[in-house]
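No value in this document is a laboratory result; all are computed from the given coordinates. All figures in this text were calculated on a predicted structure; none of them were measured in a lab. Note: ideal-geometry Cβ built from the backbone for every residue, glycine included; neighbour counts use all protein chains shown.
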Amino acid sequence: MKTNIIQNITGGLVVIVAILFAGMLTFNDILPNLNGWKRITTIIVLVLYASYRFSRIYKDFKKDNQQNQRI
């Protein structure tokens, strides 16, 4: 149970970093070599990965909550 908490916190940090990096790529030119379709693809992949990680964290919290209610 303690390892699930650590994994969820780490996953939450990954979600935050991925969303922040996608936002920085969207609004700033921080990587000048990343232009056109490469930039758009990178932003889409980052957002999709963040949403996937968030859904896994949500499922884990929901499962833990259901197990705690049964006890």
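Its Cα gyration tensor gives the range 2-70 an equivalent ellipsoid. The semi-axes, each the square root of 5 times an eigenvalue, are 33, 11, 7 Å from largest down.
Think of it as helices only: each DSSP H run of n ≥ 4 in the chain is worth -39500 (n - 2.57), and spread over all residues that comes to -30500 deg cm²/dmol at 222 nm.
Across the range 28-42, coupling constants 3J(HN,Hα) worked out from phi with the 6.51/-1.76/1.60 Karplus curve, θ = phi - 60°, read 10, 9, 7, 10, x, 7, 9, 10, x, 5, 5, 5, 5, 4, 4 Hz, and Gly and Pro carry x. Relative to the Cα centre, the charge distribution of the range 15-71, modelled as +1 at Lys and Arg Cβ and -1 at Asp and Glu Cβ, gives a dipole magnitude of about 280 debye.
Counting only residues at least eight positions apart within a chain, or on another chain, the lysines with an alpha carbon under 23 Å from that of residue 2 are 59, 62, 63.
If you average the sequence gap of Cα pairs under 8 Å that are 6 or more apart and divide by the length of the chain, what percent do you get for the contact order?
Working: 35 pairs, mean separation 31.7, N = 71.
Once divided by the residue count of the chain, the mean separation gives 45 percent.
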